[in-house]
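Read-outs: derived from the displayed coordinates by stated rules, not from any lab. All values derive from a computational prediction rather than experimental measurement. We place every Cβ from the backbone using ideal geometry, glycine too, and count neighbours over all the protein chains shown.
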Amino acid sequence: MHMTPNGLLQQILRRVPILRSQKAYIFILMLAIGVIPSVVMRAGILESYEKRAVSVRVSDVTTQYRIIADHLLNYNYLQDTSSEVINAELEQMSNLYDGRVMIISGNFRIVKDTYSISEGRTMISEEVIKCFHGESTSRYDKNNGYIEMTVPITETGRKEGKTVSQVRGVILASASTDSIVATMELMRRRALLLEIVMTILILGLVPFLAHILTLPYSRVTRAINEVRDGFTDREISVPDYIETEHIADAFNQLLGRMRQINESRQEFVANVSHELKTPMTSVKVLADSLNQQPDAPVELYREFMQDITQEIERENKIINDLLSLVKMDKTEAEMDIRAVDINELLESTLKRLRPIARKQDVEVVFESMRPVTAEVDEIKMSQIFTNLVENAIKYNKEHGWVKVHLDADHQFFTVEVSDSGIGISEEDYDHIFDRFYRVDKSHSREIGGTGLGLSITRSAVLLHRGSIRVSSVEGEGTCFTVKIPLSYIKAGGKGRS
Ligand code: ADP
């Protein structure tokens, strides 16, 4: 199977959990910081020491041979090598620098060799030729541990008032670098020892340090576990690092949100129980009072039975609304999105509601600016329209009106449901969408409200990624505006094609 380097790294990390531990990273980092510089420095220092030591040696030896070169000329050594003084001097130099000295005369002949091997032979090499041109040379043979140098034997005289120099011969000398190599070896050993000590120290100290440094994270885990296990219901606090503080903050926010959800769930359950109990209590009271009057007239029975039926209908309505609400809470995967003719949907909704409006003596008007087709869930959209128009009829006045206005641009369609009703005060704007919230509980109950309608409406609007707004003047009327995208937008943010 082909695998990218990144994929391979991920696999290794997954297989070897220790490599994913922060402690391991701290350990590797510290080891690298502690050891790498000393390794690099060791190499760098040794190399620069070697260069410097060789150049000092070259300049020392060259200076000495320059002095000897003058002596050679004074004793006319190139012609006659019998001078004891010079021979002793050359021998001394040879011993001192543990190397060979050869004196080469003008015709490239070796006139003197301290090793007495090559005397009388001819020596033509690049260095010697260069030196005959007046230039000193030096060459470091690292492998064999010596430096080879040439020093010109220059005669200076005056000719026609000018100073004239002429190279009469060349000193070809070698000097051993054993002492430099020995010093370097010593330094190398010392540095290695230092590295070993550092490594042992780091190996011993870093696991402990890594443990201390990651301790706050263990504290965060422990604090979270305590909350999970119910030992504490307080907020957690681990201020050791800014990072742990951020984790604790995020966790506390999550905790707060969960508490909120839990509270609202409890409140919802309490509200549901209360709402469901109310019709049951009424039914029980009605039935009990009939039971207590065995000879109650038939008319009373009929009247009470009608009331009981009404209460059962109400119970039914609450249960149906609750089921709708639960459905809205489900994920968008359950949305049945199709292209729906919104004009038609509104017309049919209004047709269903007109009889109720007529009963309340409310006139319903539909105003459409253009034909609109949108990608929506038809049942949920119908529920939105029904709830808004039903409310506009319910919370209206005698001889009132309800106006439904439909318009669209290239992105959204907008439905405005306005009425000439009792209106809603500004303080109630935020609450009317809450579950079971009713501005006037008894009035709403009287006209069959459950307090769930707007909550269902808002959930349905949000499922379509739309918005709902309300504006109202108390005593004059209310206007709900619903704005829905024409193309359904999936959670990923892409429109349907
Ligand atoms: P309900 O079943 O009580 O009508 P809703 O959730 O539909 O519940 O509405 C919540 C409350 O908002 C209602 O009880 C009512 O007080 C207020 N309300 C809703 N629509 C209107 C409206 N068009 N005019 C005045 N008040 C309204």
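With a cut-off of 8 Å between alpha carbons and a minimum separation of six or more residues, what is the relative contact order of region 254-351 in percent? Walk me through the numbers on the way to the answer.
On the way: 25 pairs, mean separation 27.7, N = 98.
Once divided by the residue count of region 254-351, the mean separation gives 28 percent.
Placing unit charges on C-beta atoms (Lys and Arg positive, Asp and Glu negative, everything else neutral), compute the dipole magnitude of the chain about its Cα centre in debye, rounded to 20.
1880
So if I place +1 on the C-beta of Lys and Arg and -1 on the C-beta of Asp and Glu, and nothing else carries charge, what would the dipole magnitude of region 332-485 be about its Cα centre? I want it in debye, nearest 20. Mind dumping the intermediate values first?
Working: 19 positive and 27 negative charges, 78 e Å.
Once rounded to the nearest 20, the dipole reads 380 debye.
Where a ≥ b ≥ c are the square roots of the eigenvalues of the C-alpha gyration tensor, would you call the chain rounded, which needs a/c under 1.5, or, failing that, prolate if a/b is larger than b/c, or oblate? List each step's numbers first, then the result.
Details: a/c = 6.38, a/b = 3.65, b/c = 1.75.
It is prolate, given that a/c is not under 1.5 and a/b is the larger ratio.
Using the charge dipole of the chain (Lys, Arg: +1 at Cβ; Asp, Glu: -1 at Cβ; taken about the Cα centre), state which of M123, V285, I422 has its Cα farthest towards the positive end.
Of M123, V285, I422, it is M123.
From Cα pairs below 8 angstrom and at least 6 apart in sequence, can you work out the relative contact order of the chain, rounded to a whole percent?
Working: 651 pairs, mean separation 44.8, N = 497.
RCO, the chain: 9 percent.
Work out the length of the dipole vector of region 242-310 about its Cα centre, built from +1 on the beta-carbon of each Lys and Arg and -1 on the beta-carbon of each Asp and Glu, and round it to the nearest 20 debye.
Details: 6 positive and 11 negative charges, 27 e Å.
About 120 debye.
What's the extension gain from L209 to I129 if we count 0.36 nm per residue and subtract their Cα-Cα distance? Numbers along the way, then the final one.
Numbers: separation 80, 0.36 × 80 = 28.80 nm, distance 6.55 nm.
Gain in length upon complete extension: 22.3 nm.
Quick one: 3J(HN,Hα) in Hz for region 166-178, Karplus 6.51/-1.76/1.60 with θ = phi - 60°, rounded, Gly and Pro as x.
For region 166-178, the Karplus-derived couplings read 9, 7, 8, x, 9, 9, 10, 10, 10, 9, 6, 10, 4 Hz, x marking Gly and Pro.
Starting from the amide H of F412, placed 1.01 Å from N in the peptide plane, find each other amide H under 5 Å away whose residue is 5 or more places distant or on another chain.
Placed amide hydrogens put L486 under 5 Å from F412.
Ignoring everything except DSSP H segments at least 4 long, calculate the 222 nm mean residue ellipticity for the chain; use -39,500 (n - 2.57) per segment, divide by total residues, nearest 500. Each step should come with its number before you reach the end.
Working: 11 runs with 271 residues, N = 497.
That comes out to -19500 deg cm²/dmol.
Provide the per-residue ³J(HN,Hα) series for region 211-228, in order, calculated from phi with Karplus coefficients 6.51, -1.76, 1.60 and θ = phi - 60°, each as a whole number of Hz, with x at glycine and proline positions.
The phi angles translate into 5, 4, 5, 9, 4, x, 5, 5, 5, 4, 4, 4, 4, 5, 4, 4, 5, 4 Hz.
Which loop chymotrypsin sites (Phe, Trp or Tyr not before Pro) in region 212-270, with loop taken from DSSP, have no more than 12 other Cβ atoms within 10 angstrom of their Cβ?
On the way: sites: Y217, F231, Y241, F251, F268; in loops: F231, Y241.
Sites meeting the loop and neighbour criteria: F231.
At a 10 Å Cβ-Cβ cut-off, how would you order C479, C131, fewest neighbours first? The partial results should precede the final answer.
Values: C479 17, C131 24.
Placing the least packed residue first, the sequence is C479, C131.
Along region 348-355, what does the Karplus equation 6.51 cos²θ - 1.76 cosθ + 1.60 (θ = phi - 60°) give for ³J(HN,Hα), rounded to whole Hz, x for Gly and Pro?
5, 4, 5, 4, 5, 8, 4, x
If each residue of separation counts as 0.36 nm, what is the full-extension length gain between R265 and T63 once their alpha-carbon separation is subtracted? Write out the running numbers ahead of the final one.
Working: separation 202, 0.36 × 202 = 72.72 nm, distance 9.86 nm.
Gain in length upon complete extension: 62.9 nm.
Expressed as a rounded percentage, what relative contact order does region 5-139 have, with Cα pairs under 8 Å and six or more residues apart? Please list the in-between numbers first.
Numbers: 72 pairs, mean separation 13.1, N = 135.
Relative contact order of region 5-139: 10 percent.
Would you mind pulling out the separation of the Cα centroids of region 212-291 and region 64-92, in Å?
104
Positive end of the dipole of the chain, charges at C-beta (+1 Lys, Arg; -1 Asp, Glu), about the Cα centre: which of Y140, L172, T4 has its Cα farthest in that direction?
L172
Where the centroid of each part is defined by its Cα atoms, how far is region 340-365 from region 117-158 in Å?
Value for the Cα centre distance between the two parts: 117 Å.
Counting other beta carbons within 10 Å of each residue's own, what order do R352, R52 fall into, fewest first? Mind showing how you got there, number by number?
Details: R352 14, R52 11.
Result, fewest neighbours first: R52, R352.
Just want the answer: with Cβ charges of +1 for Lys and Arg and -1 for Asp and Glu, which residue in A182, Y301, V101 is farthest toward the dipole's positive end in the chain?
Of the listed residues, the answer is V101.
Which distance in nm do the two modelled labels at I379 and H246 give, with both placed 7 Å along the Cα-to-Cβ direction?
Distance between the two pseudo-spin positions: 4.6 nm.
Could you put D428, D80, D321 in order, starting from the residue whose Cβ has the fewest other Cβ atoms within 10 Å?
Values: D428 16, D80 10, D321 22.
Listing D428, D80, D321 from fewest to most nearby Cβ atoms yields D80, D428, D321.
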